[in-house]
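Report on the following structure.
The values are calculated or read from the model by the stated rules, or taken from the named source; none is laboratory data. Remember, predicted model here, so these are calculated numbers, not experimental data. As a convention, Cβ positions derive from the backbone with ideal geometry for all residues, glycine included, and neighbour counts pool all protein chains shown.
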Amino acid sequence: MNPHHRRPHRCGNALLSISLLAALSLAQPVLAEPAFPPKASRDGRYLVDAKNQPFFYHADTPWMLLKLNPVEAGEFLEDRRAKGFNALQILLTGFIDMKNHAGESPFEGEFDLARPNEVYFAHADAVIQKASDMGFLLAIAPLWSGCCDEGWAGEKDGKPKPLNVNGAKKARQWGHWVGARYAKFPNIIWIMGGDHDPEQSLEVINALAQGIHEMAPHHLMTAHNYPDRSSADFYDDQGWLSLNAAYSYRELHAPVYKEWSRNGTVRPVVLIESGYEREANDKRQGDPFRLRRQVYAAVLNGALAGHAYGHRDIWKFNDRWRDAMADPGAKQMAHVKQLFATRAWWKLEPDQGDGLVTQGRGKIGEDGYVSAARAADGSLVIVYLPHARPVSVNLARLSAPVKAHWVDPTDGSTRAVEGSPLANDAIHEFRPPGGNAWEDSDWVLLLETSR
């Protein structure tokens, strides 16, 4: 979250009814309520819950949730649960000088980590408990390091900022305090850093992370660095790092695939942040088409842990936040979860020139690039076409005759491909149906050997 290069920060058609989502959740065990804490899968490629059931991280980013009073926070949580989100990314202590709804700051004195304000954290506890009771996984940044004036770490005008002033010893001690306080919650992931390359603060961020990890070793931990710098770029050798976060405002094919194919320790990759709805954070508008491109590109290029959606008016809870909850981007994200989490998405492997999509692919990095992934056992292929153009797919890469469908990513509707099921013995050209329900150009091609 970068208030300078992204602020202002972080439009509609039918959403699957809640009753239909509920029915599908009964039919598909991977949509059942997860048992926390989550952990990395055996192969390190995706997340599973405490019962080893695959878990698809489908997050919203209400970073400043703790600014709301309890009634407002409950209102927001109810809305997000109804829209299918199962995770939330929030700031525990906000930006420097942020106060909660009651005017309380997280620390007494001059940002003294040894003097946490119990009244402030009692409110945080109550909101965290409410979200926990509602089944959310919470990804919490304890101290947002920041890119600019808003953060707790690094330097400003040559002077150290509060985390650096406190130093590594105090940072580790406060990490112990945080870890011990929240260890009882099984539904927490910790986000270290925050829109921040830690050259000036690596020691103190590490100390804080180690302190939390020592008291809550069952909590997954990741790091949110500056755009195009993943968690593993700085913390690959740290024992506390268990989840690798990708973050970029570019089209995500290359940045996410880079993390999927990274040498060394294999960790689940999650898209922790990218473009936000209604936010021109890289001189491109945050419209729903962009949001769809980024989520499908991320998951199909290796972010099998899942992704985070964001909205400019919600991350900071400005005056429009209630209206923003009804904006179309979040509604369309429900179809992302419906597609992936009702199928064995965890078996997918990104296809990068491996003879699956043989024509019509485009150039990686362009907004029209076709992302594709295939299950290693040949049972499933998912292809995302940002623009409605013909693509050729080698169906011999599937293990049996293929049931082929077009999925409209704007409303979740499906239509069978003519001639389906198709023989899995040749290259087949697929032509998208034209404009989708939103009169945009993107479609998902779903190829399955059985359901």
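Picking from Ser392, Ser450, Ser441, which residue would you name as being more than 28 Å from the chain's Cα centre (by Cα), assigned to a loop (DSSP other than H, G, I, E, B) and of a type in the set (S, T, N, Q)?
On the way: Ser392 fails: assigned to a loop (DSSP other than H, G, I, E, B); Ser441 fails: more than 28 Å from the chain's Cα centre (by Cα).
Within the list Ser392, Ser450, Ser441, the selection yields Ser450.
For segment 230-240, the condition holds for at least one residue, the condition being that it is in contact with a Phe, Trp or Tyr (Cβ under 9 Å, 6 or more places away or on another chain) and either in a loop (DSSP other than H, G, I, E, B) or within 22 Å of Trp438 (Cβ to Cβ) (or both). Among the numbered conditions (1) more than 19 Å from Leu348 (Cβ to Cβ); (2) out of contact with any helix residue (DSSP H, G or I) (no Cβ under 8 Å at 6 or more places or on another chain), the only one that Ile427 does not meet is (2). Within segment 242-276, the set of residues being out of contact with any Leu (no Cβ under 9 Å at 6 or more places or on another chain), charged (D, E, K, R) and assigned to a loop (DSSP other than H, G, I, E, B) comprises Arg250, Glu251, Arg262.
Residue pairs whose Cβ atoms lie under 6 Å apart, separated by 6 or more positions or on different chains, with the first residue in segment 145-160 and of a type in the set (Gly, Ala, Ser) and the second surrounded by 15 or more Cβ atoms within 10 Å (Cβ to Cβ) and outside any loop (DSSP other than H, G, I, E, B), are Ser145/Gly193; Ala153/Leu163; Gly154/Gln200.
For Gln352, indicate whether it is surrounded by 16 or more Cβ atoms within 10 Å (Cβ to Cβ), over 19 Å from Pro401 (Cα atoms) and at pLDDT below 95. Yes, satisfied. Once segment 114-168 is narrowed to residues that are surrounded by fewer than 21 Cβ atoms within 10 Å (Cβ to Cβ), of a type in the set (Lys, Arg) and more than 21 Å from Leu65 (Cβ to Cβ), the residue that is modelled with the highest pLDDT is Arg115. Taking the criterion of being in contact with a Leu (Cβ under 8 Å, 6 or more places away or on another chain) and not in a helix (DSSP H, G or I), the only residue of segment 277-295 that qualifies is Glu277. Comparison of Ile90, Ile140 shows that the only residue that is aliphatic (A, V, I, L, M) and in contact with a Pro (Cβ under 9 Å, 6 or more places away or on another chain) is Ile90. Kindly check whether there is at least one residue in segment 250-268 that is in contact with a His (Cβ under 9 Å, 6 or more places away or on another chain), modelled with pLDDT of 95 or more and in the same structural domain as Val295 (by TED's automatic domain parsing). No, segment 250-268 has no match at all.
Against the conditions (1) farther than 24 Å from Lys130 by Cα; (2) at pLDDT below 95, Ser19 satisfies every one except (1). When segment 395-430 is limited to residues that are of a type in the set (D, E, K, R) and more than 17 Å from Thr358 (Cα to Cα), the one that is farthest from the chain's Cα centre (by Cα) turns out to be Glu418.
Do we find that Arg322 is surrounded by fewer than 24 Cβ atoms within 10 Å (Cβ to Cβ) and touching an Asp or Glu at 6+ places or on another chain (Cβ under 9 Å) in this structure?
Details: surrounded by fewer than 24 Cβ atoms within 10 Å (Cβ to Cβ): yes; touching an Asp or Glu at 6+ places or on another chain (Cβ under 9 Å): yes.
Yes; evaluated as a whole, the condition is true for this residue.
When each of Arg250, Arg267, Arg262 is tested for being among the basic types (Lys, Arg), surrounded by fewer than 24 Cβ atoms within 10 Å (Cβ to Cβ) and under 22 Å from Trp63 (Cβ atoms), the lone residue that passes is Arg250.
Whenever a residue of segment 112-134 is over 19 Å from Ile188 (Cβ atoms) and assigned by TED's automatic domain parsing to the domain that holds Pro34, its partners that are of a type in the set (A, V, I, L, M, F, W, C) and exposed (fewer than 14 other Cβ atoms within 10 Å of the Cβ), lying with C-beta atoms within less than 9 angstrom and at least six residues away or across chains, give the pairs Val119/Ala102.
A quick yes/no check of all residues on (1) among the charged types (D, E, K, R); (2) closer than 25 Å to Gly362 by Cα:
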| site | (1), (2) |
| --- | --- |
| Asp228 | yes, yes |
| Tyr249 | no, yes |
| Gly275 | no, yes |
| Arg290 | yes, yes |
| Val295 | no, yes |
| Ala308 | no, no |
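Considering (1) surrounded by fewer than 21 Cβ atoms within 10 Å (Cβ to Cβ); (2) of a type in the set (D, E, K, R); (3) in contact with a Cys (Cβ under 9 Å, 6 or more places away or on another chain); (4) on the phi > 0 side of the Ramachandran plot, the lone condition that Lys283 does not fulfil carries the number (3).
Taken over segment 80-97, the criterion of being buried (at least 16 other Cβ atoms within 10 Å of the Cβ) and among the aliphatic types (A, V, I, L, M) is satisfied by Ala87, Leu88, Ile90, Leu91, Leu92, Ile96.
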